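Before any comments, here is the structure.
Each value in this text was obtained by applying a stated rule to the coordinates, not by laboratory testing. Note that this is a predicted model, so its numbers are computed, not measured. Cβ atoms come from the backbone with ideal geometry, glycine included; neighbour counts cover every protein chain shown.
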Amino acid sequence: MICFTLSADTLHGMSTQVDRYRGHFDALELRLDLLRQNEREELLRGGTFPAWASEIPVILTFRRESDGGGWNGDNTERLNFLTALVAEHAGHLVGEGQKVFLDLEDDVVALDAGRKAADTATSYGVQIIRSRHDFERTPEDPAATLAELRACGGPGEIPKLAVHVRGSRDLVRLVRAAALGDGRAIIVGMGPYGFPTRVLAPRLGLLLSYSSDAGQGRGPVAPGQIDPQSMAEVYRYRSAGPTTAVFGIIGNPVLHSRSPAFHNAEFGRQGRNAVYVPFPTDDLTAFRELMELLDIRGLSVTIPHKEMVADWFTGAAVQAALPAPAAAERVSELAAVGACNTVTRDTRGNLFGANTDVAGFLEPLLSRLPDLNNRGVTVVGAGGAARAVVYGLLKAGARVLVLNRTLHRAESLAGEYAILGKITAGALEPESLPAVILHNDVIVQTTSVGMKPDTDADPLAFYTFAGTEVLYEIVYAPPRTRLLARAEEAGCRVVGGEEMFLAQAKLQAAMFSQV
Ligand code: ATR
C-alpha cells in the first residue's frame, strides 16, 4: 500500500491534497498533530467524518514533537483526544467496511490514557500500529526492536519502526530485519541512505510505505519521503512484490540521479517485473552484502564509486579466470579507463563489469562524424569523465589534445594513454591556442565548468569557433551552457550532455535486459 500522509493544517487543505494525488495512493494517514487546534476539534464535533477520508484505509496519527510531529502539548490530552475521536467515528467507519488504524507509540503502553486509547480502538475493530521513532540512528538489532514492538501491546498489533539510516551498514541491518517479517510490519529508513526501504517496501514484504506532498511548502513530512505519484508511476510500486527483480544505482549523493526515471520506464515498456532504485552508498563492502540480500541483478555506478568498482574486475586473479576474449577485452577497457559504470550479476551471483560511458560518449559523436580516424580533438579537462572520453577517442583513431587547468594532470593522462594512440597535453590557457587550432575537428568539454549554478562560466573563452567544429558538452544542466551556445551561434554542430546520458543508459538497459 502507498500511504499518503496528509500534512495540511486544515481539513480543507487535506482534502485538496487528496484531490491532487487522487488515484496514486491506497491509504491515507491523517496527521492530527499538523492540524490547527480548532480543525482538530471540528473533527470531534462534526458528527460525520470527512467523506474523502472514509473511502479507503485510514491511519489516525497524532505525533509528538519528540517523534518528529507537531504536538508539544500534554501527552494525556493527546491520547484522550485519540480515544474520543475513535469513540466518535470508528464504530461507523468500521461498520461500513473501512479499515481504520490508530498509530500509538510503544512507550504509551505504560500510561493509563495510552492503554485506554488502544482498548477503545480495539473494541471498535480499529487496528493498532505500534510505533517507535529514532531520528539519530538505526538500532544494532532492528529485528529485536520489531519483536519488542509486537509484544508490548495487545495481540495482533502492527509494529512500525522508523529510524534514521546513517549509512550502508545500517541499511543492511534494516533489510535483514525486513526479511524476517510476516508481511505485517512497517519499516521506514529515514534520510538518504534509508531511501531504498521506501520504494522497496513491496519487495521487502512490508505492509506499506509512506509518501507525502512535497508541494505543501513544508517539504516532505519525514526525511526522504517522496510524493505518491512518483511512488506509483516512477517506482511502479503497486505492481511490485516479493519476486520483483532489483536493479539500482550506487553513488553518493545519488537521489537526484535521472537514471531511476529512465530505467524504471524502460522496465515498464518491457513489461518486466523489476524496479530500479537509487542506493546512496558510503561503504562498498556493506553494499556487496546488500547485493546478496536483495539479489540485485544489475547496477549503474556513479561518482565517487566508479574507480573502486572497477577494482572488483581488474584484479589479477579476476583477469586470470576470464573465460572469453570478449570478457577479457571488456576488463582491459575497465582497467584502462579505471572506472566501471555498469555491473550485472548472474543467477549464481557472479558479477560482470562494463563501462558504457565510452560507447555512450562515442555514439552521438559518430552520428555527426562517422570517421574519427586522424581527426584532431581537443578535450577540456583531465578528470574521471575525461578518461572515458579520451580512451574512446584514441580507440577510434583520433589525435587528442588534453587541456587542463592543472597541467600535470593532463600530462599524466597523456603519458598513461600514449600507448593507445596520438595524444598530447597542454594547460587550459590562451597559450594553448595554436595547439587547439591543430585539434579542432571536435572539441569536448568534460569539466563541471558552466554547470548550474555557475552557468556564466566558459572554460574555453579564449577560443573563437570557426563554425566547422563539432562541440561536445558533457554538462547537461543547463542543457545549453554558455560554451555550447557560443559554438551553436558560430554555426557548429553541437552535442549536449543529455545525448551522452541517454546513449550510455540505453546500453546499460540492454545489459540489464540480459540478466
Ligand atoms: P569528473 O570525474 O567529473 O571529471 P574530477 O575527476 O574531479 O571530476 O575532474 C574535474 C575536472 O574538472 C578536472 O579536469 C578539473 O581540473 P583540475 O584537474 O585542474 O582540478 C576540472 N575543473 C573543475 N573546476 C574547474 C574550473 N573552475 N576551471 C577549470 N577546470 C576545472
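Of the trypsin sites (Lys or Arg not before Pro) found in segment 343-374, the ones in coil according to DSSP and having at most 14 other Cβ atoms within 10 Å of their Cβ are Arg348. DSSP beta bridges fully contained in the chain are about 10 percent antiparallel.
For Lys306, the lysines whose Cα falls under 20 Å of its own Cα, not counting residues fewer than eight places away in the same chain, are Lys506. Compactness of segment 258-384 was expressed as the Cα radius of gyration divided by 2.2 N^0.38 Å, which yields 1.19. In this Cβ point-charge picture (+1 for Lys and Arg, -1 for Asp and Glu), the chain has a dipole of about 1040 debye about its Cα centre.
For segment 111-151, the C-alpha radius of gyration sits at 1.44 times the compact-globule guess of 2.2 N^0.38 Å, with N the residue count.
Per the Debye calculation on segment 138-266 with a single equal scatterer at every Cα and no solvent contribution, log₁₀ I(q)/I(0) for q = 0.10 Å⁻¹ amounts to -0.32.
Mind checking the dipole of segment 364-467: about its Cα centre, +1 per Lys or Arg Cβ, -1 per Asp or Glu Cβ, Debye to the nearest 20? Walk me through the intermediate numbers first.
Details: 9 positive and 9 negative charges, 74 e Å.
It comes to approximately 360 debye.
A straight Cα-to-Cα reach below 16 Å connects Lys395 with the lysines Lys422, residues fewer than 8 places away in its own chain not being considered. Taking the C-alpha atoms only, the angle from helix 284-293 to the longest principal axis of the chain is near 60 degrees. Each 5 Å bin from zero up to the one holding the largest Cα-Cα distance in segment 344-446 carries the following percent of pairs: 3, 13, 24, 23, 16, 8, 5, 4, 3, 1, 0, 0. For Ile249, the residues whose amide H sits under 5 Å from its own are Val277, Phe279, Ser300, ignoring neighbours fewer than 5 places away on the same chain, with H placed 1.01 Å from N. Tell me the angle of helix 142-152 to the major Cα principal axis of the chain, expressed in degrees between 0 and 90 and rounded to the nearest ten. Long axis of 142-152 versus the principal axis of the chain: about 10 degrees. In the chain, the sites counted are GluC sites (Glu not before Pro) in DSSP loop states with at most 12 other Cβ atoms within 10 Å, and the longest stretch holding none of them, exclusive of the sites, is 141-515.
Projected onto its three principal axes, the C-alpha set of segment 24-172 covers 49, 38, 30 Å, listed from the longest axis down.
If the convex hull of the alpha-carbon atoms of the chain is projected onto planes in all directions, what is the mean projected area in square nanometres? Don't skip to the answer; put the middle values down first.
On the way: hull surface 106.7 nm².
Quarter of the Cα hull surface area: 26.7 nm².
Per residue, the average separation of C-alpha pairs within less than 8 Å and at least 6 apart gives the chain a relative contact order of 9 percent.
Taking the chain as the reference, fit the longest principal axis to its C-alpha atoms, fit the long axis of helix 75-95 to the helix C-alpha atoms, and give the angle between the two in degrees, 0 to 90, nearest 10. Orientation of helix 75-95: about 80 degrees from the principal axis.
Assuming a ≥ b ≥ c are the square roots of the Cα gyration tensor eigenvalues, decide whether segment 1-88 counts as rounded (a/c under 1.5), prolate (otherwise, with a/b larger than b/c) or oblate. Kindly include the intermediate steps, with their values, before the conclusion.
Values: a/c = 1.76, a/b = 1.41, b/c = 1.25.
Prolate, because a/c is 1.5 or more and a/b exceeds b/c.
Which one of Val175, Val126, Val515 has its Cα pushed farthest toward the positive end of the charge dipole of the chain, where Lys and Arg give +1 and Asp and Glu give -1 at the Cβ? Farthest towards the positive end: Val515.
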